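Rule-based calculations on the coordinates, nothing more; no lab input. Note that the structure is a prediction, hence the values are computed from the model and not measured. Every residue, glycine as well, gets a Cβ built from its backbone with ideal geometry; the counts of neighbours run over all protein chains shown.
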Amino acid sequence: MNNAKTGLAATLALAVGLAAVGPAHSDPVDDTLVIDGELEMVTRVKAPEGHPFDEVISGWHYRTDETRALEADTFQNPGMLYTQRGEEVWNTVEGEAGKSCASCHEDASASMKGVGAHYPKWNAAAGKPFNLELQINDCRVSNMQAEPYKFDDPDQKALVTFVKHQSLGMPMQIDLSEGEMQQWWERGKERYYLRMGQLNLACATCHENYNGNYIRADHLSQGNVNGFPTYRLKQANMVSLHNRFRGCIRDTRAEQPKAFSDDLMALEVYVTWRGTGLSIETPAVRQ
Amino acid sequence: MLKIGLAAFGACLPMSIPAGAQTASDATAETSMTGVPGDPDTGRKILADRKLGNCLACHTVSDMSEHPFQGDVGPTLDGVANRWAPEQLRAILVDAKMMFGDQTIMPGFYTLKVGVDVAEPFQGERILTAQQVEDVVAYLTTLTKDPN
C-alpha cells in the first residue's frame, strides 16, 4: 500500500514535470488505421532486407489522436478536397492536341489503380528515374502538347494527389532491377547519410537515430513517404514530397537542391524503398 | 586533460582542437573566449531563441517552463552544472563532436567544421558568437537543480 502510494506520487510528480517542460520520448502510437471504417491500411510492416530497421512504420503512428482521426475519415480529411480538384484536372482538356488525361487513360479508378504505388520508375528515354510529377509533365508535353507544370503548381499537386489516391491501401513497392535504378538507390543512400548545412545534420541523424523523440513539438518519425502528397496542418496545404525534402534541408541551413534534381530524385528512390510495403495513404494528414 | 587556451585564438579564428588528439570526454576549453564574463540572463534568452541557440529544440530545462514544447532528443539540462565543469560545457558548445564523437546530432555552435552545401547567409559563419557561447555557459552553470 505504501509502495503503491509512493508509486502514484512519483507518477504524479513525473506527469507534472512533463506538463511543465513538454513532451518526452514516446513510441509510435499503437493503433490501426482504417479508412472510413472499411479499408484497413498496412502502417507497420517488416522491413526489406538490408534495411537498418526491423520494422517500417508509417508517420501516421507518430501523430496526435486528432490528426490520426482526420486521416481515417474521408469527409474530415482536408486533403480530399485536393483529390477532388485533381479529378477535375484529370478531365480538363489542355494543350494543342485537345486532350485531357481522361482522353487516353479514361477512368482513373481503373487505369491508375496501383500506378502511384510503384513510382519512382526507371525511364529509359530520359535515362533517369521518373516520379509521378515528371511522368505527368512528360505526358503533357509529348501527348497533350501542353506546357509542363512548374514545380508545386496547385494543379500539379492536385493531379498527383488524385493519381496516387487511386492506389490507396496498396503496398508501396518500387522496382530496383530496371535500368540503373540500383545506382540511383546507392546515390540516394549516400545522400541520406550526408551531413548537410551549418547544423551538420543528415536525414539519418533525425529519422534513423532519433525517431520517436521530439524536436520541440514535432514527434520525429522514420520519415517514410507513403502518404505524399500529404496534407500538412502546419502549412494548411497539400505538401509535395520534394517540397518537404527542401524544407527539411533548409532547416539544416544548407542550400536547397532544386525539385526533381538528380540529388532529390535519388533521395526519393532511396526513401521510397525504405518504406517498402507500407500502404499508400495519399492524401495522408500530418502535423 | 588537454587544455585549450581559446583566448589566444581570438573570437574570429576557427577552433582548432586536433581531431583524435584526446579521448572525447577529455576535451575542455579552459578560458573564456572573449575575456568578458558571460551574462547568464542573456544566455537564458539565447537558449530559447530559435534563431540562436534553439537549445530547447532538443533539451528540456525546468527553469524555462514558460517555453512550451521542449524537445527530448538530448538529455535534460536540469542539473547540467553538476555533471560538467564550465570548461567542459564550453568545449561541448564550441564543437560537440569533439566531446561526443562525429555521430552526435548536436551541432557545434562555434566551429566551421560543418556539413556540406551551407546556405549562402551562413557560409563562413558560426551559429553563435564567442560572447554568446560565454553567455550560454554562464547560464548553464546556474542549472544546479538535478532532474526529479
Sites matching GluC sites (Glu not before Pro) across the stretch A:157-254 that sit in DSSP coil, with at most 14 neighbouring C-beta atoms within 10 Å: A:Glu178
Prolate/oblate/rounded call for the stretch A:149-287, Cα gyration tensor, a/c under 1.5 rounded: rounded
Within straight-line cross-link reach of A:Lys157, lysines at Cα separation under 29 Å, skipping those fewer than 8 residues along the same chain: A:Lys99, A:Lys113, A:Lys121, A:Lys128, A:Lys189, A:Lys234, A:Lys258
Structure-based [θ]222 nm, chain A - -39500 (n - 2.57) summed over DSSP H runs of at least 4, per residue, nearest 500: -11000 deg cm²/dmol
Shielding of A:203-211 by partner chains, average beta-carbon count, 10 Å: 2
Cα shape, the stretch A:80-165, gyration tensor, a/c 1.5 rule: rounded
Percentage relative contact order, the stretch A:85-225, counting C-alpha pairs under 8 Å, at least six apart: 24 percent
Residues whose placed amide H lies under 5 Å from that of A:Ala284, excluding near-sequence neighbours: A:Tyr231
Percent antiparallel among DSSP beta bridges (both partners in the protein assembly as shown, rounded to 5): 75 percent
The protein assembly as shown - Rg and Dmax from Cα coordinates, angstrom: 24.8, 82
Net +/- balance of residues flanking A:Met170 in space, Cβ distance below 14 Å, scoring K and R +1, D and E -1: 0
Per-residue mean of C-beta atoms belonging to partner chains within 10 Å, peptide A:253-262: 3
Isotropically averaged projected area of the stretch A:62-114, using the convex hull of Cα atoms (one quarter of hull area), nm²: 5.0 nm²
Shielding of A:116-123 by partner chains, average beta-carbon count, 10 Å: 0
Chain A: DSSP helices with Cα axial extent of at least 20 Å and average Kyte-Doolittle hydropathy no lower than 0.5: A:2-21
Highest average packing first - B:44-57, A:103-116, Cβ atoms within 10 Å: B:44-57, A:103-116
Peptide ranges B:84-95, B:68-79 listed from the most packed, as the mean C-beta count within 10 angstrom indicates: B:84-95, B:68-79
